[in-house]
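Below: one structure, written as structure tokens.
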Amino acid sequence: MLTELTPSPATRFVALDVHRQYLMVGAVGSQQQVVLSPRRFGFAAIALVGSSPFNPRRCGGA
């Protein structure tokens, strides 16, 4: 039997700003407190994460 779940309010809001050479990421909590100050990531750093052995795609995940 399937149980219907009621959605819970969001607790985090994430902002992504994608540029050609880099990605900006920041996040705030439900009360608008900063939980991740804006950070800039180059795509080379993101590619390193993608080649990590913990990447779900490499472990048979989604």
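The values are calculated or read from the model by the stated rules, or taken from the named source; none is laboratory data. Here the structure is a predicted model, which means the values were calculated and not measured. With ideal geometry, Cβ positions are generated from the backbone for all residues, glycine too; neighbour counts draw on all protein chains shown.
Side notes on the structure shown:
- Residues in the range 2-43 that are hydroxyl-bearing (Ser, Thr, Tyr) and surrounded by 10 or more Cβ atoms within 10 Å (Cβ to Cβ): Tyr22, Ser30.
- Test for Pro38: is it modelled with pLDDT under 95 and out of contact with any helix residue (DSSP H, G or I) (no Cβ under 6 Å at 6 or more places or on another chain): no
- Note on the range 1-24: residues that are closer than 24 Å to Gly42 by Cβ and out of contact with any Gly (no Cβ under 9 Å at 6 or more places or on another chain) total 4.
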